[in-house]
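Below is one structure, written out as structure tokens; the observations come after it.
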């Protein structure tokens with residue numbers, strides 16, 4: 001099974017010169033970000049986020065009202081998220097400074113607790129945003145979203161060699 005994908009990928013450069021007719025076929029088979037684009041520039045973060053939002057909307061078949069409500073939820077949390085990121089960055093910088101100084105162990109532990117609290121707060125905020133978005137979705141859309149996230153997580157693991165696995169989970173499956 002694994003070899004078939006390798007053969008297909010190996011044959012892809014031979015098929016590309018055929019022309020634009022193949023473009024349509026490859027777009028349906030491969031995600032747009034996986035195909036070499038005409039320009040060699042990597043899409044910036046905002047373009048990537050915009051494309052992901054559009055995929056989310058299409059995959060879940062969101063109504064215009066649902067899409068607007070979800071956009072509003074994300075926008076409301078955007079400033080808070082940025083402020084928390086900046087606080088975390090400053091706390092990390094302070095920790096680096098303390099580590100390089102002759103700070104006491106107690107000072108380092110206190111700064112470590114600050115970092116942990118900030119990470120926990122960011123996680124809580126992320127979770128609350130997910131809950132708000134979940135409330136906008138129908139039960140069928142929630143099920144679909146869970147399936148898509150599971151598929152995406154599986155693809156991520158294969159691409160990255162499942163280096164990051166949870167304790168107790170089976171590796172190499």
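Computed from the Kirkwood radius of its Cα pairs, the Stokes-Einstein diffusion coefficient for region 45-151 at 37 °C and 0.692 mPa s stands at 201 µm²/s. A convex hull fitted around the alpha carbon atoms of region 64-114 yields 60 Å³ per residue.
Every read-out reported here was derived from the displayed coordinates using simple, explicitly stated rules and does not represent laboratory data. Just so you know, these numbers come straight off a predicted model, no measurement behind them.
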